[in-house]
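Have a look at the structure below before the remarks.
Nothing in this text is a laboratory measurement; each read-out follows from the coordinates by a stated rule. Quick caveat: nothing in here was measured; it's all calculated off a predicted structure. Note that we place each Cβ from the backbone using ideal geometry, even for glycine, and neighbour counts take in every protein chain shown.
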Amino acid sequence: MGKERLPELLDALRRRGERLTTARHALLSVMAHADEHLSADQLSVEVARTNPAIHRATIYRTLETLRRLGIVEHTHLGHGPAVYHLADDVHQHLVCEECGWVVEAPADLFAGVEETLERDFGFDMRANHFAIVGRCRRCAEEGTERVAGDRRTPTQA
Ligand SMILES: [Zn+2]
Ligand SMILES: [Zn+2]
Ligand SMILES: [Zn+2]
């Protein structure tokens, strides 16, 4: 994503006639520049760094508003809290169960499965709400020589 992302997000809000509050601006700024997906708690910590006056409850409420407006989405990468990403870049998540590595894969990864579920079950699949878990190549390769019990701690429990 280029550095034009934040202005485009703010434009999207304006076009909907939505107010550009300090909290909305701060939250979108953090999300547009984050290198990884953050939970609501982590987002509130990041926002507080630059805007200590914004109350934590306001951050949570703002997240929910942005979700309702279709600007942000949450997803589940594992057992931990839900994490948030911007809805302008839809993708599927692959998470390594052993090291916690997250890969963003193309959104149409399961196009075939989606078609089958729709056709045979009338089921509208939303694959990217939850991550696909498995083992990354590095862990798979290391696993062949690893002794039992010698596991790296996942980054997200
Ligand atoms: Zn959910
Ligand atoms: Zn994501
Ligand atoms: Zn791994």
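Within the chain, the proportion of Cα pairs with more than 24 Å between them is 45 percent.
If both residues of a DSSP beta bridge must be in the chain, then about 75% of such bridges are antiparallel.
Which residues in the stretch 14-38 place their backbone N less than 17 Å from a point set 7 Å from the Cα of Ala57 along the Cα-to-Cβ direction? Of the residues in the stretch 14-38, 23 have backbone N under 17 Å from the label point off Ala57.
For the stretch 28-118, just say rounded, prolate or oblate: build the C-alpha gyration tensor, square-root its eigenvalues into a ≥ b ≥ c, call rounded for a/c under 1.5, and beyond that prolate if a/b exceeds b/c, oblate if not. Note, shape of the stretch 28-118 comes out prolate.
Here the simple spin-label model places points 7 Å from the Cα toward Cβ, and for Gln42 and Val133 these points are separated by 1.7 nm.
In the Gaussian network model of the chain, springs joining C-alpha atoms below 10 Å, which of Arg16, Arg56, Arg24 carries the largest mean-square fluctuation? Top of the fluctuation ranking is Arg16.
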